[in-house]
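The values are calculated or read from the model by the stated rules, or taken from the named source; none is laboratory data. These numbers were taken from a predicted model, which means no experiment stands behind them. Cβ sites come from the backbone with ideal geometry, for glycine too, and all protein chains shown count toward neighbours. Side chains included, ligands, DNA and RNA excluded: accessible areas come from the protein's heavy atoms. Shrake-Rupley method; radii C 1.70, N 1.55, O 1.52, S 1.80 Å.
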Amino acid sequence: MNIDRVKSIIGENNKFQDPYTSPESYYIWGNEDGFTEIYFEKLKYAVENSDTLIKSAVEKANNVFEEQCSELIFDSFVLVPSENMICACITNEKFMFGHFIDVSWDFDFNLLLSTIC
């Protein structure tokens, strides 16, 4: 993944892991050709709607207090073309202590799964 492009999309949004610190957090599962632009399109949407996406994941997981939502970040953002799915881990090490919310959306960002691991 082009980390410079990831960073340019994320900008100063503090809801996402810094791609320079953690480049392995941003990728396309299976490295399928032809999905790079789709990946960046989906990442841009997630950046623009991060609060809403996190809130819906928390509501579904049902184990994080609503006031903690503002402190959660996307620890990873993965496109899975073979499943038409976007996956992410959302966490905050300050209060989740090594746990994370495993989230999956379809390509239209309809929530498919949200569970605390």
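Structure data summary
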{"item": "Residues of the chain: accessible area per residue with a 1.4 Å probe, Å²", "result": "57"}
{"item": "Compactness index (Cα Rg / 2.2 N^0.38 Å), the chain", "result": "0.99"}
{"item": "Accessible area (Å², 1.4 Å probe, nearest 10) - Lys15", "result": "20"}
{"item": "Per-residue [θ]222 nm for the chain (sum of -39500 (n - 2.57) over DSSP H runs n ≥ 4, rounded to 500)", "result": "-9000 deg cm²/dmol"}
{"item": "Amide proton proximity set for Met85, modelled H, under 5 Å, gap of 5+", "result": "Val80"}
{"item": "Given charges at Cβ of Lys, Arg, Asp, Glu: the chain dipole, positive-most of Ser82, Ile9, Tyr27", "result": "Ile9"}
{"item": "With DNA, RNA and ligands ignored, accessible area of Tyr45 (1.4 Å probe; Å², nearest 10)", "result": "100"}
{"item": "Lysine pairs in the chain with Cα atoms under 20 Å, if 8 or more residues apart or on separate chains", "result": "11"}
